[in-house]
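S.K.: My structure is below; once you've seen it, I'll send some questions.
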Amino acid sequence: MAKPGLDGHDRGAKIIARALRDGGFEVIYTGLHQTPEMIAEAAIQEDVDAIGLSILSGAHMTLFPEVMRLLKEKGVDDVALFGGGIIPDEDAARLKSMGVKEIFTPGASTEDIVKWVRENVQPRQ
Amino acid sequence: MTKQEWLEQIYQRGKERPVRFTTLSDMPVQPLYTPEDVNGYDAIGYPGQFPYTRGVYESMYRGRLWTMRQFAGFGLAEETNARFRFLLSQGQDGLSTAFDMPTLMGYDADHERAMGEVGREGVSVSSIHDMARLFDQIPIAKVSTSMTVNCSASVLLAAYLVVAERQGVPWEQVNGTIQNDMLKEYIAQKEWICPPGPALRVVTDMVEFCAKKARRFHPISISGYHIREAGSTAVQELAFTIADGLCYVQAAVERGLDVDDFAPQLSFFWDLHSDFLEEIAKLRAGRRMWARLMRDRFGAKNPKSLMLRTHAQTAGVSLTAQQPMNNVVRVALQALAGVLGGVQSLHTNSMDETLALPTENAVMVALRTQQIIAEETGVTNTIDPLGGSYAIEALTDQMEAEAMEYIRKIDEMGGMLKAIDRGYPQREIAEAAFNYQRQLEQGIKTVVGVNKYSIPEEIPIETLKINRELEERQVQRVRKMKRERNSVAVREALKRVAEACRSGENLMEPICEAVRREATVGEISDIYRAEFGVYTDPGWI
């Protein structure tokens, strides 16, 4: 679970991290104010199966593609990238067409998110 | 008949709906309150009288309505200046500035960390030139301005004062508020540069400076808002905020200031959430707690030192992206709670704020909501009209007692700085937020249009779009300014700020001089980073 950008809206990220942990997953939370570089680096270091980005600052169209680009640059192409925050529908559609696996918006339940991760994230080879 | 007899003999005959009768914060609520639940009416007192339960001013809204102050800021300074002037033309009487994330975190628009965030969540201010554009043709002597900024607040306050100078307004006449509540940043909002210790020193410098040079300016707005928005209960909001306030007062007293010389300039900022009675009780309890603590702990004698004067904002977190028109109703009820709770200044959220920054139309409805409460409902005719209600008084007493218990625990830890180091308030809030989310998902708590009464097809509403090209324009403008200014003068001024960081001299005069010489928000923040170190998020879940 990663929190890119400069804003401090971490209520959602922490709730999701906790719900996933309670759901039996091993969760690493990066803390706030991460750069895309820091997130890609942490994902590789920790050998994660998925990255969840929580963005409420409006900078999602900059930050998602940048994390994806850096992962690719570092030779990682099988980490599932998903995210959530205040993301308008049209932006969510564009992000998905770029390869983001799922976008959750306000009102999504922790149960739905845990279920989605369970069904869509495969352990990496 | 006693209350107990009534409960056993009469109430038991009726039926109760199968729901949980608790406040939004999950505080149990009784079916009925009676005189037996109130600890005597003497404690309530009169408006304008210690302990100010019924209001800080003797005539309250019969004397003067609250300040209608809508928070605004987006894009470049010119856009926000236009929104400010629109709001003033619509009958708003105070300004409130929202800065963008780079400004709030102490980065210039041309810094790599600012990429994608310039002008998005607020207005971009990197230098004195942006501040001057923001207040172009707005008479600083006449309008009180609130600035929501914390870790870079010292620089923004300096810039505002330098703009006042240029308008020919002496600092003594500058009226306004700067949020500058760093403790709640570590607890809840999470905008910081350096660790809590040096941050508290900078805040104390500003308190001292304003007590001496800008006596009509409020150097801190001690904020519960962000604590609540991060998921705390109402009692936690009350307790942690008051505990933060005590920590600032302690620091200023330790600096050698007389409590009555600076405490009248402290102000507060509460959240107004959806549980109507709980919110009204919270506002009343807060006033009483502050008055007693300031008198008993610090020996404050000036009545103004004892009065908790507050701004309030309706709860952003209560707004829903689903059926956004419903938010107008939520905001109206929350604002009414604020008025019945006796606030001095109010921001009403716009219906579209979970989707984007608000459109001009949405902001106008929000402002009109306040005007309807003020001029149509009649609630302003009587002071503290709910005072003496058994339920309100009992809840006020209960919340005060529970909040004081938290304050006792924080005192035992050695005060708020120590409690923050241990992650105590942070963990309490995360726990409360998680509990609420679980209750929501289990249907124990209801959010209309989200977990109940939802509709399959949402009707989209118009939202504000921020032009992405603005970022490039601002970046170029800041770079050009940096090329053209007198770089020797800037370097010297920054050196002076660094020296003041080390020597303990009050930072505000050196920062004002640096700002005059066109040093930027980012450059002065870099001095803090170099001299005080950088704080990183412990990431407690």
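S.K.: Which members of the stretch B:441-450 meet the condition of being at the interface with another protein chain (Cβ under 8 Å from one of its Cβ atoms) and crowded, with 17+ Cβ neighbours inside 10 Å?
M.R.: Once the filter is applied, which keeps residues that are at the interface with another protein chain (Cβ under 8 Å from one of its Cβ atoms) and crowded, with 17+ Cβ neighbours inside 10 Å, the stretch B:441-450 yields only B:V450.
S.K.: Mind listing whichever residues of the stretch A:11-69 are on the phi > 0 side of the Ramachandran plot and within 13 Å of chain B (Cβ to nearest Cβ)?
M.R.: Result: A:G31, A:H33, A:G58.
S.K.: Can you find, within the stretch A:45-55, the residue that is surrounded by the fewest Cβ atoms within 10 Å (Cβ to Cβ) among those that are more than 14 Å from the chain's Cα centre (by Cα) and without any contact (Cβ under 8 Å) to a residue 60 or more places away in the chain?
M.R.: So, considering only residues that are more than 14 Å from the chain's Cα centre (by Cα) and without any contact (Cβ under 8 Å) to a residue 60 or more places away in the chain, the one surrounded by the fewest Cβ atoms within 10 Å (Cβ to Cβ) is A:Q45.
S.K.: Which one is nearest to the other protein chains (Cβ to nearest Cβ), of the residues in the stretch B:285-323 that are out of contact with any helix residue (DSSP H, G or I) (no Cβ under 8 Å at 6 or more places or on another chain) and buried (at least 24 other Cβ atoms within 10 Å of the Cβ)?
M.R.: Per the stated criteria, the residue is B:H311.
S.K.: Mind listing just one residue for me: the one in the stretch B:399-439 that is hydroxyl-bearing (S, T, Y) and crowded, with 20+ Cβ neighbours inside 10 Å and, of those, farthest from the other protein chains (Cβ to nearest Cβ)?
M.R.: B:Y406
S.K.: Okay, moving on. Residues in the stretch B:375-382: is at least one in contact (Cβ under 8 Å) with a residue 40 or more places away in the chain, surrounded by 20 or more Cβ atoms within 10 Å (Cβ to Cβ) and not basic (K, R)?
M.R.: No: the stretch B:375-382 contains no residue that is in contact (Cβ under 8 Å) with a residue 40 or more places away in the chain, surrounded by 20 or more Cβ atoms within 10 Å (Cβ to Cβ) and not basic (K, R).
S.K.: Quick check on my filter: what residues within the stretch B:460-490 are in contact (Cβ under 8 Å) with a residue 24 or more places away in the chain and either in contact with a Lys or Arg (Cβ under 7 Å, 6 or more places away or on another chain) or not in a helix (DSSP H, G or I) (or both)?
M.R.: Answer for the stretch B:460-490, where residues must be in contact (Cβ under 8 Å) with a residue 24 or more places away in the chain and either in contact with a Lys or Arg (Cβ under 7 Å, 6 or more places away or on another chain) or not in a helix (DSSP H, G or I) (or both): B:I461, B:E462, B:T463, B:L464, B:K465, B:I466, B:N467, B:R485, B:N486, B:A489, B:V490.
S.K.: A follow-up question, please. Among the residues in the stretch B:499-507, are any buried (at least 17 other Cβ atoms within 10 Å of the Cβ), part of a helix (DSSP H, G or I) and outside the structural domain of B:M364 (by TED's automatic domain parsing)?
M.R.: Looking through the stretch B:499-507, at least one residue is buried (at least 17 other Cβ atoms within 10 Å of the Cβ), part of a helix (DSSP H, G or I) and outside the structural domain of B:M364 (by TED's automatic domain parsing).
S.K.: Quick check: is even one residue across the stretch A:78-95 assigned to a loop (DSSP other than H, G, I, E, B) and over 19 Å from A:K3 (Cα atoms)?
M.R.: Yes; the residues of the stretch A:78-95 include at least one that is assigned to a loop (DSSP other than H, G, I, E, B) and over 19 Å from A:K3 (Cα atoms).
S.K.: Something else: Would you please name the residue that is modelled with the highest pLDDT, looking only at residues in the stretch A:87-106 that are among the β-branched types (V, I, T) and closer than 15 Å to A:I16 by Cβ?
M.R.: For the stretch A:87-106, the residue satisfying everything is A:I103.
S.K.: Filter the stretch B:240-285 down to residues that are closer than 13 Å to B:L308 by Cα, within 16 Å of the chain's Cα centre (by Cα), in contact (Cβ under 8 Å) with a residue 60 or more places away in the chain and in a helix (DSSP H, G or I), then give me how many there are.
M.R.: 3
S.K.: Looking only at the stretch B:121-176, which residues are part of a loop (DSSP other than H, G, I, E, B) and of a type in the set (S, T, N, Q)?
M.R.: Those that are part of a loop (DSSP other than H, G, I, E, B) and of a type in the set (S, T, N, Q): B:S124, B:S126, B:S127, B:Q137, B:N150, B:S152, B:Q167, B:N175.
S.K.: Here is a further query. For the stretch B:324-336, indicate whether the set of residues that are surrounded by fewer than 24 Cβ atoms within 10 Å (Cβ to Cβ), away from every other protein chain (no Cβ under 14 Å) and assigned to a loop (DSSP other than H, G, I, E, B) is non-empty.
M.R.: Looking through the stretch B:324-336, at least one residue is surrounded by fewer than 24 Cβ atoms within 10 Å (Cβ to Cβ), away from every other protein chain (no Cβ under 14 Å) and assigned to a loop (DSSP other than H, G, I, E, B).
S.K.: Given the condition in a helix (DSSP H, G or I), over 19 Å from the mean Cα position of the chain (by Cα) and surrounded by fewer than 21 Cβ atoms within 10 Å (Cβ to Cβ), answer yes or no: does some residue in the stretch B:342-363 qualify?
M.R.: Yes, some residue in the stretch B:342-363 is in a helix (DSSP H, G or I), over 19 Å from the mean Cα position of the chain (by Cα) and surrounded by fewer than 21 Cβ atoms within 10 Å (Cβ to Cβ).
S.K.: From A:G58, A:G31, which residue is without any contact (Cβ under 8 Å) to a residue 40 or more places away in the chain, surrounded by 23 or more Cβ atoms within 10 Å (Cβ to Cβ) and part of a loop (DSSP other than H, G, I, E, B)?
M.R.: Going through A:G58, A:G31 in turn, just one is without any contact (Cβ under 8 Å) to a residue 40 or more places away in the chain, surrounded by 23 or more Cβ atoms within 10 Å (Cβ to Cβ) and part of a loop (DSSP other than H, G, I, E, B): A:G58.
S.K.: Also, I was wondering about something else. Of (1) touching a Gly at 6+ places or on another chain (Cβ under 9 Å); (2) in a helix (DSSP H, G or I); (3) more than 30 Å from B:N326 (Cβ to Cβ), B:A432 satisfies all except one. Which?
M.R.: If we test B:A432 against (1) touching a Gly at 6+ places or on another chain (Cβ under 9 Å); (2) in a helix (DSSP H, G or I); (3) more than 30 Å from B:N326 (Cβ to Cβ), just (3) comes out false.
S.K.: Now, a different point. In the stretch B:511-541, which residue that is within 14 Å of chain A (Cβ to nearest Cβ) and modelled with pLDDT of 95 or more is surrounded by the most Cβ atoms within 10 Å (Cβ to Cβ)?
M.R.: Looking at residues that are within 14 Å of chain A (Cβ to nearest Cβ) and modelled with pLDDT of 95 or more, I get B:V521.
S.K.: Same structure again: So, of the residues in the stretch A:96-125 that are touching a helix residue (DSSP H, G or I) at 6+ places or on another chain (Cβ under 8 Å) and within 14 Å of another protein chain (Cβ to nearest Cβ), which turns out to be surrounded by the fewest Cβ atoms within 10 Å (Cβ to Cβ)?
M.R.: Per the criteria, the residue is A:E111.
S.K.: With the structure loaded, tell me whether A:V67 is in contact with a Pro (Cβ under 8 Å, 6 or more places away or on another chain) and over 25 Å from B:L440 (Cβ atoms) or whether it fails that test.
M.R.: yes
S.K.: Given the conditions (1) among the small types (G, A, S); (2) modelled with pLDDT under 95; (3) over 22 Å from the mean Cα position of the chain (by Cα), which single one is not true for B:A300?
M.R.: Just one mismatch for B:A300, condition (2).
S.K.: Are any of the residues in the stretch B:177-188 away from every other protein chain (no Cβ under 13 Å) and farther than 19 Å from B:V521 by Cα?
M.R.: The answer is yes, given that some residue of the stretch B:177-188 is away from every other protein chain (no Cβ under 13 Å) and farther than 19 Å from B:V521 by Cα.
S.K.: Related question: Just to check your reading of the model, which residue among B:D93, B:D100 is in the same structural domain as B:V339 (by TED's automatic domain parsing) and within 22 Å of B:I524 (Cβ to Cβ)?
M.R.: Of the residues listed, the single one that is in the same structural domain as B:V339 (by TED's automatic domain parsing) and within 22 Å of B:I524 (Cβ to Cβ) is B:D100.
Here's the yes/no breakdown for (1) in contact with a Leu (Cβ under 9 Å, 6 or more places away or on another chain); (2) more than 22 Å from B:I429 (Cα to Cα):
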| site | (1), (2) |
| --- | --- |
| B:A211 | yes, yes |
| B:R215 | no, yes |
| B:E237 | no, no |
| B:A243 | yes, no |
| B:G256 | no, yes |
| B:K282 | yes, no |
| B:R288 | yes, yes |
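The values are calculated or read from the model by the stated rules, or taken from the named source; none is laboratory data. Remember, predicted model here, so these are calculated numbers, not experimental data. Every residue, glycine as well, gets a Cβ built from its backbone with ideal geometry; the counts of neighbours run over all protein chains shown.
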